[in-house]
Amino acid sequence: MQASVYKQFALRMLSGNWGIAIFAAIATMLVQTVVTSQLDLTADAAPEVLFRSILLLYGSLVLLAPLELGRNWIYLDIAKEDKPTLGLLLESFGSLKQYVRAVTFYGVFYLGLNALMLLLIVPGVWFYLTFRMVPFILRDRPDLSVRSAMRESRRLMQGKKFVMLKLFASFIGWYVLVLVTGGLALIFVQPYLETALAGFYLEVKAEKEAQHEETVG
């Protein structure tokens, strides 16, 4: 399916759900802003300052990871035409198992992504595309461990990475708008993009399930 179809799908699903979608985006953005305002990762920063900033960046996952997971769950519910509630944003804080899964996944995800990006851009992009479906899988499959969910994401993304890459590329103009507005437009662009990604996930999941049934049958 073309990127334009996922984008049309997202706009259709967001109709009547913009309020909660924007709130979810703002909630995580506010926490991220507070954290990043305390960081100094510049090249001329003193070693102790740089080390403290890196510790704070990854330490903030104890708060940010459950919020990011909850935000993805809200957009997935929107894509499924379920009625998401604000409680989803904080759901992982209420369950030790879900909380550990959230922090574990995002810790591994961002550590792997940043490490690969320091080496070469292409491996970093590959890593991101391969495991971007994990938050949605953790919603649909609460029984799975983080490792199993990452394995499932890798399976779903086989042969689909270029399609997702094209979807991201189709939002370049929107991210120019984010830059022009000093980040303000992100409260609209993030729900738009992530709901489109949720639609992409649902389609790929259904396609893989159909292929499995044909093979078994």
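The values are calculated or read from the model by the stated rules, or taken from the named source; none is laboratory data. The model shown is predicted, which means the values in this text are computed figures rather than measured ones. Quick reminder, even Gly has a Cβ in these numbers, built from the backbone with ideal geometry, and neighbours come from all protein chains shown. Each accessible area value is taken on the protein alone, full model and side chains, heavy atoms only, with ligands, DNA and RNA left out. Shrake-Rupley method; radii C 1.70, N 1.55, O 1.52, S 1.80 Å.
Only DSSP H runs of four or more residues enter the estimate; each adds -39500 (n - 2.57), and after division by the residues of the chain the mean residue ellipticity at 222 nm equals -25000 deg cm²/dmol. In plain terms, the chain from A210 to L63 could stretch by 49.2 nm, reckoned as 0.36 nm per residue minus the Cα-Cα distance.
A DSSP coil position with no more than 14 other Cβ atoms inside 10 Å describes none of the trypsin sites (Lys or Arg not before Pro) in the range 97-147.
Overall, the accessible surface of the chain at a probe of 1.4 angstrom is composed of carbon and sulfur to the extent of 67 percent. The base-10 log of I(q)/I(0) for the chain, evaluated at q = 0.08, 0.10, 0.12, 0.17 Å⁻¹, reads -0.29, -0.46, -0.68, -1.41 [Debye formula, identical scatterers on Cα atoms, solvent excluded]. Could you tell me whether the range 54-177 comes out rounded, prolate or oblate from its Cα gyration tensor? Rule is a ≥ b ≥ c as square roots of the eigenvalues, rounded for a/c under 1.5, then prolate if a/b exceeds b/c, otherwise oblate. In terms of gyration-tensor shape, rounded. For the chain, the longest principal axis of the Cα atoms and the long axis of helix 3-14 meet at an angle of about 90 degrees. Positive end of the dipole of the chain (Cβ unit charges, origin at the Cα centre): among Q158, L86, Y192, the Cα lying farthest that way belongs to Q158. For the chain, the longest principal axis of the Cα atoms and the long axis of helix 61-79 meet at an angle of about 30 degrees.
Give me the count of lysine pairs in the chain whose alpha carbons sit under 16 angstrom apart, restricted to pairs 8 or more positions apart or on different chains.
7
The angle between the Cα long axis of helix 96-119 and the longest principal axis of the Cα atoms of the chain comes to about 70 degrees, rounded to the nearest 10.
Applying 1/(1 + (r/R0)^6) with r as the Cβ-Cβ distance of K97 and I121 and R0 = 25 angstrom yields a FRET efficiency of 0.10. Per residue, the solvent-accessible area of the chain (1.4 Å probe, heavy atoms of protein chains only, all protein chains present) comes to 53 Å².
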